[in-house]
1. For the chain, what does the helix formula give at 222 nm: sum of -39500 (n - 2.57) over DSSP H segments with n ≥ 4, over the residue count, nearest 500 deg cm²/dmol?
2. Reachable lysines from Lys139, Cα under 23 Å, same-chain residues fewer than 8 places away excluded?
3. Explain nothing, just the number: dipole magnitude of the range 23-66 about its Cα centre with +1 on each Lys and Arg Cβ and -1 on each Asp and Glu Cβ, in debye rounded to the nearest 20.
4. Above 32 angstrom, tally the Cα pairs of the chain and express them as a % of all pairs, no decimals.
5. Among Ser226, Ser149, Ser244, which one shows the highest mean-square fluctuation when the chain is modelled as a Gaussian network with alpha-carbon springs under 10 Å?
6. Only Lys, Arg, Asp and Glu count, each charged at its Cβ (+1, +1, -1, -1), so figure out the dipole size of the range 77-189 about its Cα centre, rounded to 20 debye.
7. If the only charges are +1 at each Lys and Arg Cβ and -1 at each Asp and Glu Cβ, what is the size of the charge dipole of the chain around the Cα centre, to the nearest 20 debye?
8. Helix hunt in the chain: which complete DSSP H runs extend at least 20 Å axially by C-alpha with mean Kyte-Doolittle at least 0.0?
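What follows draws every value from the coordinates through simple rules; no lab data is involved. Keep in mind that what you see is a predicted model, and the values were worked out from it rather than measured. Positions of Cβ are generated from backbone atoms using ideal geometry, with glycine treated the same way; all protein chains shown enter the neighbour counts.
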Amino acid sequence: MPTNKTVTIVVPVYNEAENIPHFTRAVADAMAPLPYDYTLLFVDDGSREESRRVLRETAENNPHVRAIYLSRNYGHQAALTCGIDNADGDAVITMDGDMQHPPVLIPRLLALWEQGYDIVQTIRETTEGVSPFKRLSSKYYYKALNLISEVTIQPGGSDFRLMDREAVLALRQYREHDRFIRGIVGALGFRQVQVPFVAPERYAGTSKFSLKKMAKFALNGILGNSIVPLRISFYIGLLSLLFSVALFGHVIFEEFEGDTVPGWSTLVILAAFFGGTQLMVLGILGEYIGHIFREVKGRPLYLTQKERPLDESGRKDV
Ligand code: UDP
Ligand code: MG
């Protein structure tokens, strides 16, 4: 008899003691009818309340549950990475532990995986009860990010996704420190498919993302996926050089008209010219820094993949 395929569900948690038992039950309910051996791998991101004790007890009483404890709070992306590094299932699902990534969707993700997709990415369509500020800032952030980034990052993309083991091994090769996992997954390639969902409100507790954490995460998304900000000074410099040329014409004209204070024309032209040159040179430095930046990240140069056709019913070019 063939053995079951294995699925590892990775869940980073930070002060989620009230959510852990409820979430564990919901995952068990979703997995019970399915023919998989699953492990629910919690990564405790340095929780300061009861989470550790709750996780230890849950792991003692439930053979499906494992927990890893980080030495302090490293942040959601680092905790997620730790879980992905330690997940040995044939498929790995990452999700939040607060029920905002509904466990009832798990069977759909697994069904798409069975059709041959390597990465099943959920897309958050709306979040119930979220402030208009968070909704709008997220929407415009992704628009801006896509404009300047080298890979497409889906608006509403969440860290709720399923990855085939092959894609997981690929993702593990990305070792950059300031990470924005959504951007990396977008850059991986493989056969990807999207599943929209509506995120409900948290089951218990409050969001663990302070404005500061959110801003840092947003900045990592830009700095990690784009060198356009480094180029900005080059373009501003170019513009102001062009401006100084136009100004030169204007000043000469005024000079002939005799409307100017002596010395004014020279000063204005020199200021515009040198301002422009300096910014352009900074922009050139920026280009080199951009190259250094890409090198020090040490991302893999390419990823290969085993040939395996998609199931007839699900073939789709992504
Ligand atoms: N989380 C974490 N470390 C942190 C912040 C959050 O592991 O420093 C976990 C948190 O426990 C939850 C998931 O990451 O399981 C998503 O966090 P949260 O629900 O607070 O984010 P939101 O849904 O408000 O964006
Ligand atoms: Mg949440």
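1. Values: 10 runs with 154 residues, N = 318.
For the chain, the value works out to -16000 deg cm²/dmol.
2. Hits, sequence-local ones excluded: Lys208, Lys212, Lys213, Lys216.
3. Details: 6 positive and 8 negative charges, 13 e Å.
Computed about the Cα centre, the dipole is about 60 debye.
4. On the way: 20241 of 50403 pairs.
So the pairs more than 32 Å apart make up 40 percent of the total in the chain.
5. Maximum among the listed residues: Ser244.
6. On the way: 12 positive and 15 negative charges, 101 e Å.
Computed about the Cα centre, the dipole is about 480 debye.
7. On the way: 34 positive and 36 negative charges, 88 e Å.
It works out to roughly 420 debye.
8. Details: long enough: 132-148 (24 Å, -0.37); 211-225 (21 Å, 0.31); 228-257 (43 Å, 1.35); 264-297 (49 Å, 1.03).
Long hydrophobic helices here: 211-225, 228-257, 264-297.
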